[in-house]
Amino acid sequence: MKRSVRITLIAGLVALGGLLIAAGAHWFQRNYHRVEQTLYLPPAGEAAYNPLYALRKTLEADGVKAQSRQRLALDAHPPGPRDTVLLFNEASGLDARQTERLLDWVGQGGHLLVRTPPRRVWDGSPDPLLFAHLGIETREQNQCADFQVEGQRPHVEFCRGRRFRLHDVEPELAWGDLDAGYVYARLPHGDGHVDVLADFDFLVNQGESGNPFGDPLKRPQGGLRDVPHQALARQVLAPNYGAGTMHLIYAADMPSLLRTILFRGWMVWVPLLIALLAWLWSRMQAFGPALPAPPMDRRSLLEHVRASGDHLFRYGRGALLYTAVRQAFLARLRRRDPVAAALAGDAQAEAVAERLGVPADTVRTALQTPSTHDKAGFRDRISTLIQLRNRL
C-alpha cells in the first residue's frame with residue numbers, strides 16, 4: 001500500500017472516531033442533566049449514643065443553658081432552684097435517698113420530668129419509689145392519644161407508652177382521663193412541678209426507622225424533626241424555660257456489635273452466607289432415602305449348579321446335561337447292581353425295571369439320548385434318571 005493511501009485511510013478513521021465521540025457527547029447532553037441529591041447519613045459521634053443530643057443543641061441555639069450526661073450524679077451536679085431535670089431513663093433506678101433529694105429540690109422551685117416504665121412481657125414489677133410519693137399508679141394499658149397542631153396533619157402520641165392513674169392528687173395540667181388513664185400530668189409540688197409522661201419518644205433525635213435498609217435519599221422523620229413534637233416539647237419544658245439550666249439525663253443507648261454488623265454490614269455477611277451455604281450444599285450427601293445394603297456373597301452349591309444348567313440348556317447344550325445325569329445313574333447302578341450294569345440294551349432295561357419295579361419302557365426311554373431340539377424329552381428323561389438313581 002502506498003504511503004499516501006495509508007495516510008488517507010488513517011485520517012478517515014480519525015475523522016470517523018471524532019464524529020462518533022461528538023455524536024455520543026451530544027446524545028449524553030440531551031438525555032442527561034446534572035442534579036443535586038442529599039444523602040442523610042446515620043448519626044455519628046455523640047448523636048449515635050445520646051438520644052437527647054438534638055434537644056440539647058436546640059436549647060443551646062435558643063439561648064437556654066443545657067447539659068446532658070448519662071447519670072444523675074446529684075453530688076457532682078446539684079441542680080439549682082430554677083433548673084429543670086429530665087430523666088430520660090426509667091425512674092425506677094432512683095433509690096430512696098435520691099428520690100427524697102429530688103423531691104426536696106422540686107419543692108424549692110425545680111422542674112422534674114419523668115416517664116412511666118415501658119411495658120414488659122412479665123408482670124409484677126413494682127412502680128418506681130418516686131411514683132409512690134407522688135400518688136401515681138402505672139397501668140399496663142397503652143393507647144394512642146390524638147394531638148393536633150394548627151396547620152399540621154392529624155397526629156398521635158404515646159402509642160407505646162404505659163398510661164397511669166392519679167390518687168389523692170389534683171394535676172395542674174392533664175392529658176387523658178380516669179377511665180383510660182393519663183398520658184401526661186403536671187403535678188404541683190411545693191414551689192416546683194413534676195411532669196409525668198407516658199413516653200419521651202417525641203424528644204429524641206429522630207424517630208426509629210422500621211426498615212434498617214431504608215432509602216438514604218429519604219429524609220428521616222420523627223423525633224424533634226416533626227413540628228408537632230417541637231410544639232409539645234416547648235410546652236412540656238415551659239415552667240422553668242430560660243430561667244435555669246436544663247439537665248438532660250439519658251441512658252446511653254449504644255447499639256450492640258451484633259446489631260451493628262446485622263444492620264450496617266449486611267453487604268458483607270449476606271454474600272459470605274450465600275457462599276457458605278453453597279459450599280455446604282456441595283459437600284453434603286445427596287437427599288433422599290438411604291441406599292440399600294449391598295447383597296452378601298452367596299455360596300450355595302445348588303444355586304450354582306442350577307444356574308449353570310439353565311445356562312447350558314438355554315444355549316443348546318442340553319446333551320451335556322443329559323450325559324452327566326446318565327453317567328451318574330450308571331455309576332450308582334454299577335455300585336448297587338453290577339450284574340445289571342454289565343448288561344446292555346433291552347436286557348439292561350428289563351433288569352433295572354425288575355429291580356426298581358417300574359415299566360421296562362420307562363427305563364429304556366430314559367437311557368436313550370433324546371433329540372437336540374426335543375426340550376420336553378430332555379426334561380422328562382433327566383427327571384426319570386434322577387428318580388431311578390435315587391431309588392437304587
### Query
Say we join alpha carbon atoms closer than 10 Å with springs in a Gaussian network model of the chain; which of Pro359, Pro239, Pro126 then has the biggest fluctuation?
Pro359
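Do any trypsin sites (Lys or Arg not before Pro) in the range 311-392 lie in a DSSP loop with no more than 13 other beta carbon atoms within 10 Å, and if so, which? Intermediate values should be presented prior to the final figure.
On the way: sites: Arg314, Arg317, Arg326, Arg332, Arg334, Arg335, Arg336, Arg355, Arg364, Lys375, Arg379, Arg381, Arg389, Arg391; in loops: Arg317.
Within the range 311-392, the qualifying trypsin sites (Lys or Arg not before Pro) (loop, at most 13 other Cβ atoms within 10 Å) are Arg317.
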### Query
What do you reckon, how do Phe147, Phe200, Phe313, Phe28 stack up by accessible area (1.4 Å probe), largest on top?
Phe28, Phe313, Phe147, Phe200
## Note on the structure
Note to self, the chain gives a 222 nm [θ] from helices alone (DSSP H runs n ≥ 4, -39500 (n - 2.57) apiece, / all residues, nearest 500) of -13500 deg cm²/dmol
### Query
For the peptides 70-79, 228-237, what is the packing order when you average, over each peptide's residues, the other Cβ atoms within 10 Å and list the highest mean first?
228-237, 70-79
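Kindly state, to the nearest 0.05, the FRET efficiency for Val156 paired with Asp191, given R0 = 56 Å and r defined as their beta-carbon distance. Walk me through the numbers on the way to the answer.
Details: r = 34 Å, r/R0 = 0.61.
That gives a FRET efficiency of 0.95.
Roughly what % antiparallel, to the nearest 5, for the DSSP beta bridges in the chain?
On the way: 18 of 34 bridges.
Looking only at bridges with both residues in the chain, the antiparallel portion is about 55 percent.
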### Message
Return the Rg/Rh ratio of the range 46-161 with Cα-based radii and a Kirkwood Rh.
### Response
0.99
### Task
Name the residue, out of Asp95, Asp337, Asp62, whose mean-square fluctuation peaks in a Gaussian network model built on the chain with Cα pairs under 10 Å.
Asp337
#### Entry: Label point 7 Å beyond Cα of Lys375 along Cβ direction - residues of the range 303-335 with amide nitrogen under 14 Å
310-319
### Message
Once the cut-off is 23 Å, how many percent of the Cα-Cα pairs in the range 1-114 end up in the long-distance tail?
### Response
61 percent
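Within the chain, what's the longest run with no GluC sites (Glu not before Pro) in a DSSP loop and at most 16 other beta-carbon atoms within 10 Å? Give the range, please. Don't skip to the answer; put the middle values down first.
On the way: sites that count: Glu36, Glu90, Glu140, Glu150, Glu172, Glu208.
The longest such stretch corresponds to 209-392.
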### Query
Taking amide H positions as placed 1.01 Å from N in the peptide plane, with prolines and chain starts having none, which residues 5 or more places from Arg115, or on another chain, fall under 5 Å of its amide H?
Ala91, Leu197
## Note on the structure
Labelled set (i) 59.2; (ii) 26.5; (iii) 23.6; mean projected area of the Cα convex hull in nm² computed from this model equals the value at (i)
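In debye, nearest 20: dipole of the chain around its Cα centre with unit charges on the Cβ of K, R (+) and D, E (-)?
The dipole of the chain has a size of about 4180 debye.
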### Bins of 5 Å from zero: percent of alpha-carbon pairs in the range 266-392
2, 9, 14, 14, 10, 7, 7, 3, 3, 3, 3, 3, 3, 4, 3, 3, 3, 2, 2, 1, 0
### Query
Top mean-square fluctuation among Gly18, Gly223, Gly244, Gaussian network model of the chain, C-alpha springs under 10 Å?
Gly18
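The values are calculated or read from the model by the stated rules, or taken from the named source; none is laboratory data. In this text the structure is predicted, and so the values were computed from the model without any measurement. As a convention, Cβ positions derive from the backbone with ideal geometry for all residues, glycine included, and neighbour counts pool all protein chains shown. Each accessible area value is taken on the protein alone, full model and side chains, heavy atoms only, with ligands, DNA and RNA left out. Shrake-Rupley method; radii C 1.70, N 1.55, O 1.52, S 1.80 Å.
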